[in-house]
Every structure is written in C-alpha cells, then in structure tokens.
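Below is one structure; the comments refer to it alone.
The values are calculated or read from the model by the stated rules, or taken from the named source; none is laboratory data. Worth saying up front: this structure is predicted, and the values here are computed from it rather than measured. In this analysis, Cβ positions are derived from the backbone assuming ideal geometry, glycine residues included, and neighbour counts consider all displayed protein chains. Note: areas computed on protein heavy atoms with side chains; ligands, DNA, RNA excluded. Shrake-Rupley method; radii C 1.70, N 1.55, O 1.52, S 1.80 Å.
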Amino acid sequence: MIIIFGSSGTLGTSIIESLTLKGIDYGITTNSREKELNKIIKKKKLNPKFIVKCDVTKFDQVKKVFLKALKIDGKITGIINNFAYTYQSSNKIIQSKIKKKIFEVNYFGLVNVFEGLLLTYKFNKTKPVKVINVLSNAIKTLNASNEHYISSKAAAKQLSKYYAYHFGSKMNVNCVAPGL
C-alpha cells in the first residue's frame, strides 16, 4: 500500500487519480479541505483504502496513519509526501507565528513522517519502502511566495538526503521539485 500525505490539492488529487487508474492500493490523508476531497473522490470514482484527517505536525496523528495502513494491508510499499504550507508575503514582513507554521509543516512534518515510518514499520530487507518527497523548484529559482517557504523546502531536501544516506537499506528516498 502507498500512503499519500497531503491529498486534497491539485497535485494530490492527480496522484490519487493516477494510482486508481493503475489499480494500485493507496490510503490518503488530508488536513484541510476534507469535504472537497470527498466530493472529488466520489465524482471521479477514486478508490482509496482509507481517508484519514492528519496534521503532519502532530506525531501521534502521523503514527496513526501508519498503523491504519498496516492494519488494512500489512505492508507499506511507498509514501508520497505532498503536504505543504505557505503564505503570500507581498514583500511584507511575515508574522512570526506564520513563519513558524511554514517550518512546522514543511520541515518538521517530514521529520514526523520519517520517524513514524521508522518506529512503526518492520522493513523488508529486499524491498525498501519507496519515499517521494514533493519539494519545489523554488529551491533553485527562488520564485515562490516567500523566503521562508523556500528555506523550509531546502531544509526538507537536506533531510531527505540524510535519510537516504543513513537508512538506504530500509527506504529509497527521492525528491521531486515541481513548479511554475
């Protein structure tokens, strides 16, 4: 089973549409826009094995997602981390609480997913779990809503490299960086 963290946006719904067409089992999470996501699932006849409301900044909620997937399927073959938070700054100083939330979601949320996987899953030595982290091409272009978003995604990239290097036998970690 593949778990998609962050499924309610345009990219997330495209991912679950593609998995449905390929007949791949998946479970999805959303932190907001749950009603809109349920409408899309119904309209497009998508087939998630579960839908869980999950705030990735809360470790216990992330851990529950892994436990639910294991209860339903018994194994986790992949994880797609597609969650993000940003704020349009318009060259104004961003409030401290918003800066903090950008990092809580984009960086520490990813920390929670990696740690949740390591703590809940018994890895198969011959088939590592495939992890895809959705970043942003703003890391290179610097064309994003604000500098804190870019910095948080750059930090997430470095964190991904760390886990790929230190836990490569358990997980195959890759990043994609879509953008405008």
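Residue by residue through the stretch 123-158, note down the ones that are in a loop (DSSP other than H, G, I, E, B) and without any contact (Cβ under 8 Å) to a residue 60 or more places away in the chain. Break it down stepwise before answering.
To start, the set of residues in the stretch 123-158 that are in a loop (DSSP other than H, G, I, E, B) comprises 123, 125-126, 128, 135-137, 142-146.
The answer is F123, K125, T126, P128, L135, S136, N137, L142, N143, A144, S145.
For (1) of a type in the set (A, V, I, L, M); (2) in a helix (DSSP H, G or I), each residue gets a yes or a no:
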| position | (1), (2) |
| --- | --- |
| S8 | no, no |
| L11 | yes, yes |
| E17 | no, yes |
| I28 | yes, no |
| K35 | no, yes |
| K39 | no, yes |
| K43 | no, yes |
| L46 | yes, no |
| I51 | yes, no |
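So, in the stretch 69-89, of the ones that are open to solvent by 90 Å² or more (accessible area, probe 1.4 Å) and either under 24 Å from E34 (Cα atoms) or under 16 Å from the mean Cα position of the chain (by Cα) (or both), which residue ends up modelled with the highest pLDDT? Outline the logic, then answer.
If we filter the stretch 69-89 for residues that are open to solvent by 90 Å² or more (accessible area, probe 1.4 Å), which is where we start, we get 71, 75, 87-88.
Add one more test, that the residue is either under 24 Å from E34 (Cα atoms) or under 16 Å from the mean Cα position of the chain (by Cα) (or both), and what stays is 71, 87-88.
Working: K71: 95, Y87: 83, Q88: 76.
Among them, the one singled out is K71.
Would you mention how many residues in the stretch 102-122 are assigned to a helix (DSSP H, G or I) and open to solvent by 40 Å² or more (accessible area, probe 1.4 Å)? Steps first, please.
Taking the stretch 102-122 first, the residues assigned to a helix (DSSP H, G or I) are 102-120.
From what's left, open to solvent by 40 Å² or more (accessible area, probe 1.4 Å): 103-104, 107-108, 115, 118-119.
The total comes to 7.
Of the residues K92, K99, K125, which single one is touching a helix residue (DSSP H, G or I) at 6+ places or on another chain (Cβ under 9 Å), among the charged types (D, E, K, R) and either at pLDDT below 95 or open to solvent by less than 70 Å² (accessible area, probe 1.4 Å) (or both)?
Numbers: K92 fails: touching a helix residue (DSSP H, G or I) at 6+ places or on another chain (Cβ under 9 Å); K125 fails: touching a helix residue (DSSP H, G or I) at 6+ places or on another chain (Cβ under 9 Å).
Of K92, K99, K125, the one residue that is touching a helix residue (DSSP H, G or I) at 6+ places or on another chain (Cβ under 9 Å), among the charged types (D, E, K, R) and either at pLDDT below 95 or open to solvent by less than 70 Å² (accessible area, probe 1.4 Å) (or both) is K99.
Could you look through the stretch 23-40, keep only residues that are in contact (Cβ under 8 Å) with a residue 24 or more places away in the chain and closer than 19 Å to D73 by Cβ, and pick out the one that is farthest from the chain's Cα centre (by Cα)?
Step one: of the stretch 23-40, the residues in contact (Cβ under 8 Å) with a residue 24 or more places away in the chain are 25-34, 36-37, 40.
Okay, now just the ones that are also closer than 19 Å to D73 by Cβ, so 25-29.
Working: D25: 17, Y26: 13, G27: 12, I28: 10, T29: 9 Å.
The extreme case among them is D25.
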